[in-house]
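Worksheet: one structure, shown below.
The values are calculated or read from the model by the stated rules, or taken from the named source; none is laboratory data. Everything numeric in this text was worked out from a predicted model, so none of it was measured. For neighbour counting, all protein chains shown are included, and Cβ atoms are generated from backbone atoms with ideal geometry for every residue, glycine included.
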Amino acid sequence: MGSEDNNLKSVRNSTFQQRKWCGIIHEYGDFISVEGEKINIEPVTLLEGNTPLIESVCLVKELKDMGFSGKIYFKYEGLNPTSSFKDRGMTVAITRAKQIGARATICASTGNTSASAAAYSARANLPVFVVVPEKNVATGKIVQAVAHGARIIRIKGNFDDALKLVRKISDDFGLFIVNSINPWRIEGQKTAAFEVCDALGFAPDYHFLPVGNAGNIYAYWLGYKQYKAIGRINETPKMFGFQAEGAAPIVRGYPIENPETIASAIRIGNPANWEKAELAVKESDGLIDMVSDEEIISVYRFMGEKEGIFCEPAPCAGIAGLIKMVKNKKIKMKDIVVVCTLTGHGLKDPEAALNFIKTKQFFVEPKFNEIKKIIEEEIKKSKEKDLEMELQRS
Ligand SMILES: Cc1ncc(COP(=O)(O)O)c(C=O)c1O
């Protein structure tokens, strides 16, 4: 072998060799416990976690024009095994179900919990029942539950109705509930905050995320507090949660009977973790506010077209919230670090993409000149658009 080959081999063996990632229980198991109890069996894992923290290139520029300076990162939880943050909580909840010898699992869901519960229950060889609204569950999420062999029960009602029923059924039949009212779920989800701090080397100044049943904002807060308590970080971030205007019970201060929003993952009118979310916000000196569906859709398009990141509509509520706060100068504006959690992947909800993103499909004859004409026109249009943006900026 020549010296060049030897060099390549040594580079491969050192710099590029990745540490083996074995899932969040292996990584953070020492920090996971409920009432003094720990996970003490081999984890049921799909190697969830270790998701990227991607620095914003375009949103940060837009906000700069409004007087913001600093860095914005996206914690892309859509890259978990079932494409949402739920997998962090689910590996812990399902492992716990195994540990205590549960005979089956059950959850209510707007879609992502059911997909995750189905996958992890399948892996644990546990029957799983998912109770979801008959309408308004994104196709990708139902398809996942189908693929993993879940028993899918669809009710003529919304998520809140489903959760009420599931609470009762799980009590009556001794099924293991894997919604975020289960503290093991929250214990798993808090590991995302650990990862953010491990990646940055410190905690961000602000953390923005969408709020539905309100477990995740509380979980992140627990994670940050725990890291501070053991000296891994010096400060904790302010937690900023955002609901959709038509499904904003915490902001309005009362349950919403018929919640409505295009962000189906957060179409929840009576969050089970309401008080916990308020506690997180109070302790961190943060805020829970709301954004309109129009603002959510606008961010949804922006993320795909400008940042190159496809997420489902719900996480766009958190980013729309950041834009709202910067516009109204409701947060510190200079030299700050912000993290926004992108809770679910865009492929979960193909209907949203087809309904809300302007399609640029051209149906033509298979002829060279027809395609050439389209390319020339489109390049011209995008140059004109870039120029217009530059003019607006200057
Ligand atoms: C993609 C996505 N984002 C946000 C949420 C809301 O999270 P939480 O219920 O913990 O507030 C959910 C919940 O289903 C979700 O699926």
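Exactly one residue out of Ala248, Ala229 is within 13 Å of the ligand (Cβ to nearest atom) and either of a type in the set (A, V, I, L, M) or in contact with a His (Cβ under 7 Å, 6 or more places away or on another chain) (or both): that is Ala248. Here Tyr206 passes the criteria (1) within 14 Å of the ligand (Cβ to nearest atom); (2) in contact with a strand residue (DSSP E or B) (Cβ under 8 Å, 6 or more places away or on another chain); (3) not charged (D, E, K, R) except the one numbered (1). Looking across region 163-173, the residues that are over 17 Å from Ser116 (Cα atoms) and not acidic (Asp, Glu) come down to Lys164, Leu165, Arg167, Lys168, Ile169, Ser170, Phe173.
Scanning region 326-347 for residues that are in contact with a strand residue (DSSP E or B) (Cβ under 7 Å, 6 or more places away or on another chain) and part of a helix (DSSP H, G or I) yields a single hit, Gly346.
Count of region 196-221 residues, restricted to those that are crowded, with 19+ Cβ neighbours inside 10 Å and either outside the structural domain of Glu275 (by TED's automatic domain parsing) or in a helix (DSSP H, G or I) (or both), is 9. Scanning region 252-273 for residues that are of a type outside the set (Lys, Arg) and surrounded by fewer than 18 Cβ atoms within 10 Å (Cβ to Cβ), we see that the one that is nearest to Asp289 (Cα to Cα) is Gly253. Residue count for region 298-325 satisfying the condition of being under 17 Å from Ala138 (Cβ atoms) and either among the acidic types (Asp, Glu) or at pLDDT below 95 (or both): 1. Restricting Glu295, Glu365, Glu305, Glu370 to those that are surrounded by 20 or more Cβ atoms within 10 Å (Cβ to Cβ) and acidic (Asp, Glu) reduces the list to Glu295. Where residues in region 69-114 are of a type in the set (Phe, Trp, Tyr) and in contact with an Asp or Glu (Cβ under 9 Å, 6 or more places away or on another chain), which of them is nearest to the ligand (Cβ to nearest atom)? So, considering only residues that are of a type in the set (Phe, Trp, Tyr) and in contact with an Asp or Glu (Cβ under 9 Å, 6 or more places away or on another chain), the one nearest to the ligand (Cβ to nearest atom) is Phe85.
Counted as qualifying within region 75-185 are the helices (runs of 4 or more DSSP H) with 2 or more residues that are of a type in the set (Lys, Arg) and not assigned by TED's automatic domain parsing to the domain that holds Pro204, namely 86-99, 159-173.
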